[in-house]
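Readers should treat all values here as calculations from the given coordinates under stated rules, not as data from a laboratory. The structure displayed is predicted, hence computed values, not measured ones. Cβ: placed from backbone, ideal geometry, glycine included. Neighbour counts: every protein chain shown.
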């Protein structure tokens, strides 16, 4: 009988210690300043290496779109949210259609890594909030518009592939 009483008191002691620790955490956070950002009025500062929205780019020299419709991004996409249709031209190929279902995108960045022309990049923003999922079904024109509106991330396909390559041996 004494043994059960001792284990009961031990349990009550452990429970009291747990409640005390929990209340300590609650009081510490209660006295802190809130970390809420009032979004439309105050823009959030993203970290330097942040990668958010996907967008399509143009060639800065010629003004042509970079996408050649090779469909590598479509093939490698795990959730299969990218759809590309190629249009053959005289000098080069183009993407006739390019669709991206952003509401199902995993932001895995595989499409950016495999793109041979750096046509698809990640932007330093996620400011595309909406109440309607249909607005997150992006076509080629909307993806190009996002590429012009937001600052691109440091991580384009060429830079990522360079980072993943084996290190070069230092020459003496």
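Of note:
- Our estimate of slack between residue 134 and residue 61, defined as 0.36 nm per intervening residue step minus the Cα-Cα distance, is 22.9 nm.
- Over the chain, DSSP H runs of length four or greater, each weighted -39,500 (n - 2.57), average out per residue to a 222 nm ellipticity of -10000 deg cm²/dmol.
- Straightening the chain between residue 106 and residue 19 buys 27.5 nm, computed as 0.36 nm per residue apart minus the Cα-Cα spacing.
- Counting 0.36 nm for each residue step from residue 32 to residue 46 and taking away their Cα separation leaves a gain of 2.8 nm.
- Look at the Cα gyration tensor of segment 1-83: its axes a ≥ b ≥ c give a/c of at least 1.5 with a/b at or below b/c, and that counts as oblate.
- Using a simple spin-label model with pseudo-atoms 7 Å out from Cα toward Cβ, residue 126 and residue 71 lie 3.2 nm apart.
- With both labels modelled 7 Å from their Cα along Cα-to-Cβ, the residue 117 to residue 6 distance reads 8.0 nm.
- Ranked by the mean number of other Cβ atoms within 10 Å of their residues, highest first, the peptides 50-57, 102-109 come out as 50-57, 102-109.
- Taking 121, 35, 112 as the candidate residues, the one with maximal mean-square fluctuation in a Gaussian network model of the chain, Cα springs under 10 Å, is 35.
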